[in-house]
Amino acid sequence: MKPFDYVRAGSAQDAVRAGAEGRFLGGGTNLVDLMKLEIEKPDRLVDVSRLASDEIEDGVEGLRVGAGVSNSALAGHPLVRERYPLLSTALLSGATQQLRNKATVGGNFLQRTRCQYFYDVFRACNKRVPGSGCDALDGINRFHAILGASERCIAVHPSDMAVAMAALDATVETLKPDGSTRSIPARSLHRLPGDTPQFDHVLETGELITHVVLPASPPKRQFYRKVRDRSSYAFAVVSIAVAFDLEGGRIANVSIALGGVAHKPWRADRAESVLEGGSPSAELFAMAAEAELARAVGQGHNDFKIDLSKRLIVAALRDLSEGKREIAA
Amino acid sequence: MNQQDSRNWIGKPLDRVDGPAKVTGQATYAADYRGARAASIGFIVEAGIGKGRISSIDTTAAEASDGVLLVLSHKNAPEQAPFGSHKDAGRFGQSHAALENDRVKYHGAPVAFVVAETLEQARHAAHLIEVKYDIEAGVFDAEAHEEDAVRPDSLDGADEADKETGNFEKTFDKAPVTVEAEYHTPAQHASAMEPHATVAEWSEGKLTVHMAIQILSDARKGLAHTLKMEPGDVRIVSPFIGGGFGSKLGIHNEAVLAALAARELDRPVRVAQTRRNLFSNGPHRTEHRQRLKLGADTDGRLLAISHDSLAAMARGYPFAEAAGGLTQSSYAALAIRMRHRIVEADIPKVDSMRAPGEAIGTLTFESAIDELAERCGVDPVQFRLLNEPETEPGSGKPFSTRPLARCLSEGAASFGWRSGPVRPGGKRDGRWLVGHGVAAAIRSNNIEPAGAEASLSRDGRLTLKLDMTDIGTGTYTILGQIAAEALGMQAGMIEVRLGDSDFAETCGSGGSFGAGSTGTAVHEACQNIRADILSRAARIDAGWSGVNSGELRLDGDRVSVGDRSLPLGDILDAVGGETFHCKAHIKAGDAHETMAQYSYGALFAEVGVDTDTAEIRLRRLLGVFDAGRILNRKTAHSQLMGGMIFGIGAALLEESLMDKRYGAFMNRDLAEYHIAVNRDVPRLEVHMLDGFDRHSNPLGSKGIGELGICGAGPAIANAVYDATGHRARKFPVHIEDVLPAVSRLVG
Amino acid sequence: MPSISLTVNGEPVSAEADVRTSLLDLLRETLGMTGTKKGCDHGQCGACTVIVNGTRINSCLSLAVGHEGDTVTTVEGLAEGNGLSPLQKAFVTQDAFQCGYCTPGQLCSATALLNEIARGEPSVVTDERVRLSEEEIRERMSGNLCRCGAYNNIVDAILSVAGEPA
């Protein structure tokens, strides 16, 4: 770990002023991990873990969550349990109680890929060292992307929470070093790798996530499911967040996001188009799954994720239309 | 406790005597040792290539970095005996030289070693070292270089690499029912929770090493030979070890580097390998390709068995495991053949991991047996019972005991086994496909030479001082029980001191031989103490002459026979001396040559496979085991459970994935190398038969630590087949392996 | 080097530490409290679990400098008076460990778990209401790897302290 200046921010404004050339430290559960390996080497660490941003407020705009709220506090909040159950399940499907107690909402969005070629400094990785190549392409790539990947990077985003946020159409609020703020739809926070996989998201240098706002009236039917090799404490092979309402027997306000398949939480808008306004049926679900995965490309070891994702979409829609909420696999 | 009770300490489910220390954080593992002089901290810099030479190494930035005391590389490393010299001392006792030249022998091999005042300083300085390499093509994949395969000189777990009983080809050709299958088992890392760690300190030319190690005497030789010292000038201390599973049988790079640096600095050096280090600076179980050919008649009688294994051996480090070794002892057949081949490869040290040979051998062989039973239309439990041998098929030797049939029958009854031929895909429970599977467990039983030293004080306290280790196996507790029973005294009056090479040399822990071998030595030493007491007592009171020493009882500070009783102190005062002090040394009895000795088990598994996602979850796992006499029912139960969980890992979770372009293990952390978590493990059912194998040792015990792993994996794999119709050909079995079968079954 | 003041097992302590020092290394190296173990140093095993301000965390991934003023409980602070805590006793009698290396983390986790249940904090297997069950314990203890495989006994030890399974 490279030596760094440690600054404890007294306010979000202080933090962005101090942080333009450094990194923000929330829970640190991913950043400290990567700093020990010198994959992350900030000169300055701006500790935002004690900002008064850990509150959760309900209002007409929806539920406004401070970026410093811990993953476990958000997952267990009564309003989240009641109104956004898929978010609670997604959070609780991730990591462990110890990590969730430390990890923050803001930090969870910004965790980096678990691609082992990113973690191994001896291997080529365009995300770690732009221009060095991607050893995962012809390497061990069972966990890698099937959607939206590029020749430069086939890594996937590891967050469960971000998948839930994308499906719920949450909004991320940020503060920039110049003091301006902006709102970014959670589904647009992360980006596809393209030619610049070193950038995971659209935030600018020194821009701090301060809040996340969950819409006031999410769809009533919600579901999150994570497929994994271990029954706990494992990153998703594939995960899915689904929400919709049934209005007069027809699917309305549907949203689907997939995890573990792309460089970002993958909003399945093609599947959503097929489903919106339709009557639930096995045929419709299969059509939606086929429509979404039509453009999927396997990398070898992860070819199975294409079929698995389709099955997961169909299963999630089936269970949700039958009234099952979520399954803890 | 009355006399009757005190004669029966062996087998009692006593709590671990080291339990209170372990639950309060007072048990000191190697990296917890804090000596009088503050230790500096070492950090290993690993090679980033699989094979080649270091063309340049720049350590100047590291040397100038804050707090750095020393940077060692091949350029300035002190002289050591060449790696691999002193071969006669065995692979653990040979030289394990590190940084000896500019050659990179495997990915992750140390190219430099940084010592600083603190971990933070050493770790950062390690990242400042720049190394350039001339890369050479390496051999990282045995299968891709099969043309270079040779027969290994020696094997762990079999006397011969190749063996044929009867004529396999002829017999197989005539068999009406056959199975031919090729299996791949993965590389695995033992992944003990405690990373390998060493604290080295020198005083007047002598080296003291606190380290995580299973066998102290070998470690002492290994370090002495590497450093060109006399073994007597090396002391190893290892009172608590955070799990071994074979990975701490021998010394590894961190120990050698710590010793070298501590001598250079004249200051203690502490090194704990990082978890990533362990995947190349610790040993691993290598990949195996196993080919099985089985033939039977239509009634389900085995006729022919062939078991071939191909694996890599780390270049210059002679270890290969006998995947096919157990096959010749498993079932009756007219012809049995096994063949082992190895390819020398440029990979990190390949060495023992829990149940070398049987763990991966039973995984494939018991899967193939299940397949053959199915083709014969015979229930898989029945099939195994039908093929029980009278004598060991491969050698013709009599079995010391052979309770496998009882394990199978009792297991089937306890599990509620529905007999009949396997018909996969027939059972549903909601969204789960449910399957049952069975497999036999078999593990060779060994006794290694071991010594013991016991002293009985005048106040009736017995002290055992042994260089034996307790790697979590309960040794502290069990040896006390053995001594208490041998002397007819209270276990609470016994102090067991382990893990110091100044104490009596034992066999250490490994190969499931620790308790039986060292326990027997302790038993002998206590018998000698009985005899010593009696002979001395007879010198002050002739009435003690001719008494059978077996009648003698210890009660506090008095010794009694019948109605005669003397204070121990009186005897000592009369004949001189402060304690009764006796040694013993044992080795394997002839029955280990003349008889086939194994421990046995039968494992029954129930899995659920998700109809949507093909996720496999274990629902039940039951084992019935015979490991001779059980020394402590509580710790034995725990060890069997632990072994069964390794079996879960082998079947469903664990694999070290090497990128064969580079010879580099890629998933080298515990987030990606999956060992079972609590939720992966349902309630395990463990049944122990009350065995006693008088041919094994005077205690009647057999090895137990590796038995549980040997049948659990294949039982689970067979259950997956029963659930889905997918026959595992590679392990671990993953979602993608069973997804096509699930898809065929449920759409 | 920054100076850090915090309370460890009820005792106020102050120490100077490198900003890079983890809470785990502060405990083990600076304060000499080696009960808390390092199994992976990357939040992947749980051996370093301690309780900070009432909740459990992986001390390896938490910079010490961020813990100014915090209250930390480690395995050395679980015992009650001169005796073992009920959980510590239960771990011994249920044989909830073999090598013992993961045990300090398991005990801190188990101690915190009972409080989490009492506070009604959900896990992924919680349906409507939090109630203690084997499944809840298994899920909530899954952040503490045990290579010796004492999982069943750990569950039993926790159940024996918490009372009958619901």
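Key figures for this structure:
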quantity	calculated
Equivalent-ellipsoid semi-axes of the range C:86-162, from the Cα gyration tensor, Å, largest first	21, 12, 10
Least to most buried among C:R129, B:R744 (fewest other Cβ within 10 Å first)	C:R129, B:R744
Per-residue Cβ neighbour rank within 10 angstrom, fewest leading, B:M595, A:M161	B:M595, A:M161
Pairs of alpha carbons in the range C:3-77 whose separation is greater than 22 Å (percent)	8 percent
Amide proton proximity set for B:L70, modelled H, under 5 Å, gap of 5+	B:V115
Within a Gaussian network of chain A (alpha carbon springs, distance under 10 Å), most fluctuating of A:A164, A:A316, A:A234	A:A234
Average projected area [Cα convex hull, the protein assembly as shown], square nanometres	46.4 nm²
Shielding by partners, peptide B:533-543 (average Cβ within 10 angstrom, other chains)	0
FRET efficiency, B:K427 to A:T181 (Cβ-Cβ, R0 60 Å, nearest 0.05)	0.55
Average other protein chain Cβ within 10 Å of Cβ, residues A:146-152	0
Dimensions in Å of the range A:58-200 - Rg and Dmax from alpha carbons	16.7, 51
Centroid-to-centroid separation of the range C:29-94 and the range C:109-166 [C-alpha atoms, Å]	18 Å
Point-charge dipole on Cβ atoms (K/R +1, D/E -1) for chain B, about Cα centre, debye to 20	940 debye
Sequence-separation-based contact order of the range B:307-401, relative, with Cα cut under 8 Å and 6+ spacing, percent	34 percent
Normalised convex hull volume, chain B, alpha-carbon set, Å³ per residue	163 Å³
Normalised alpha carbon radius of gyration of the range A:221-321 [divisor 2.2 N^0.38 Å]	1.04
Exposed-site-free run, longest, chain A (rule: chymotrypsin sites (Phe, Trp or Tyr not before Pro); DSSP loop; at most 16 other C-beta within 10 Å)	A:200-329
Estimated distance in nm for a label pair at B:H585 and C:E11, the labels positioned 7 Å out from Cα along Cα-to-Cβ	4.7 nm
A:V7, A:V46, B:V575 arranged by Cβ crowding within 10 Å, fewest neighbours leading	B:V575, A:V7, A:V46
Farthest toward positive dipole pole in the range C:82-161 [+1 Lys/Arg, -1 Asp/Glu at C-beta], among C:V161, C:V125, C:C108	C:C108
Reference-scaled alpha-carbon Rg (2.2 N^0.38 Å with N residues) for the range B:238-397	1.39
Number of partner chain Cβ atoms within 10 Å, mean per residue of C:53-60	6
Net charge dipole size for the protein assembly as shown [Lys, Arg +1 and Asp, Glu -1 on Cβ; Debye, nearest 20]	1100 debye
Residue among A:D138, A:D200, A:D307 with the largest mean-square fluctuation in a Gaussian network model of chain A, springs linking Cα atoms under 10 Å	A:D138
Per-bin percent of Cα-Cα distances, the range A:116-259 [10 Å]	11, 31, 34, 20, 4, 0
Centroid-to-centroid separation of the range A:61-79 and the range A:213-287 [C-alpha atoms, Å]	21 Å
For peptides B:501-510, B:685-694, A:96-105, sequence by mean Cβ density within 10 Å, most packed first	A:96-105, B:501-510, B:685-694
Over chain A: Rg over Rh, Cα atoms, Kirkwood Rh	0.96
Acute angle (nearest 10 degrees) that the helix C:151-162 long axis makes with the longest principal axis of chain C, alpha-carbon atoms	90 degrees
Pairs of Cα atoms farther than 13 Å apart, the range A:5-49, %	48 percent
Sites matching GluC sites (Glu not before Pro) across the range A:134-238 that sit in DSSP coil, with at most 16 neighbouring C-beta atoms within 10 Å	A:E151, A:E204
Amide proton proximity set for B:V350, modelled H, under 5 Å, gap of 5+	B:H284, B:A314
With 5 Å bins from 0: P(r) over the range B:206-324, alpha-carbon pairs, percent	2, 9, 15, 18, 14, 11, 7, 6, 5, 4, 3, 2, 1, 1, 0
Two-decimal ratio, the range B:605-744, of alpha-carbon radius of gyration to 2.2 N^0.38 Å	1.21
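We did not get these values from a lab; they are worked out from the coordinates using the rules stated. For clarity, every value in this text was computed on a predicted model and none was experimentally measured. Every residue, glycine among them, receives a Cβ derived from its backbone with ideal geometry; neighbour counts consider all protein chains shown.
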